[in-house]
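Student: I'd like to ask you about the structure that follows.
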Amino acid sequence: MIFSKFLRLVPAILMLALAGCSRSPQTSGNGSSSHTSRKTAADFSLRDVDGKTVKLSDFRGKVVLLNFWATWCSPCRVEIPWFIQFEQRYKDRGFAVIGIAMDDDGWNAVKPYIQAHHVNYRVVIGNDQVSAKYGGIDSLPTTLLVDRQGDIAATHIGLVSKASYENDIARLLNN
């Protein structure tokens, strides 16, 4: 009897574990807001694995998927293969993925991870200043979709379905 009750709780426990790497709930923010009501994405200047400077403002004119993640975050590891596919599929249509790794160990943790998983998009190491520019990143993954004008068109916190991302990307690429 007790065991059968426990078995019924297992799916709920698994969903909670996969939802995100913090206390924050999954949300999908201003994805349907008009361009005029969108907030401009904060610019940053960070270095990638090759030491080259990556600035969000350099991507103006493209749709950008901006993903705050960490190597230890299970939901992040679920999404990264999707982002690799999106980069490959949509890069010729004015789309780019930028990963902002929030690992405390920096490149010591991130470089082996991106090499082992064949990450094909730009990855930089985030810091408290970049997190603060985006209101404080309290949950990983946190992913923002930035439109061609540099405004935040959608915000996803926690694990979100691949279809949700694809719908947002298609909508923004077709605008």
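The values are calculated or read from the model by the stated rules, or taken from the named source; none is laboratory data. Just so it is clear, the structure is predicted and the values come from calculations on it, not from any experiment. Counting neighbours? That spans all protein chains shown, and the Cβs are built from the backbone with ideal geometry, glycine included.
Student: Taking segment 61-73 as the region of interest, how many residues are more than 13 Å from the chain's Cα centre (by Cα) and either exposed (fewer than 15 other Cβ atoms within 10 Å of the Cβ) or under 27 Å from residue 108 (Cβ atoms) (or both)?
Tutor: Qualifying residue count, segment 61-73: 2.
Student: Take residue 137 and tell me if it is under 21 Å from residue 42 (Cα atoms), in a loop (DSSP other than H, G, I, E, B) and touching a residue at least 60 places away in the same chain (Cβ under 8 Å).
Tutor: Here the answer is yes, as residue 137 does meet what is asked.
Student: Mind listing whichever residues of segment 44-57 are free of Cβ contacts under 8 Å to residues at least 40 places away in the same chain and either more than 12 Å from residue 123 (Cα to Cα) or not β-branched (Val, Ile, Thr) (or both)?
Tutor: 45, 50, 51, 52, 55, listed by residue number.
Student: In segment 60-82, what residues are closer than 17 Å to residue 102 by Cα, in a helix (DSSP H, G or I) and not hydroxyl-bearing (Ser, Thr, Tyr)?
Tutor: Selection gives 75, 76, 77, 78, 79, 80.
Student: Going by the conditions given, is residue 32 at pLDDT 95 or above, over 13 Å from the mean Cα position of the chain (by Cα), closer than 16 Å to residue 144 by Cα and of a type in the set (Ser, Thr, Tyr)?
Tutor: In short, no.
Student: Give 90, 134 a once-over and let me know the one that is within 13 Å of residue 64 (Cα to Cα) and surrounded by 15 or more Cβ atoms within 10 Å (Cβ to Cβ).
Tutor: Going through 90, 134 in turn, the sole match is 90.
Student: Taking segment 60-90 on its own, how many of its residues are aliphatic (A, V, I, L, M) and free of Cβ contacts under 8 Å to residues at least 40 places away in the same chain?
Tutor: Total meeting the criteria: 2.
Student: Residue by residue through segment 91-126, note down the ones that are in contact (Cβ under 8 Å) with a residue 40 or more places away in the chain and either among the β-branched types (Val, Ile, Thr) or within 17 Å of residue 143 (Cα to Cα) (or both).
Tutor: Of everything in segment 91-126, those that are in contact (Cβ under 8 Å) with a residue 40 or more places away in the chain and either among the β-branched types (Val, Ile, Thr) or within 17 Å of residue 143 (Cα to Cα) (or both) turn out to be 95, 98, 100, 110, 114, 122, 123, 124, 125, 126.
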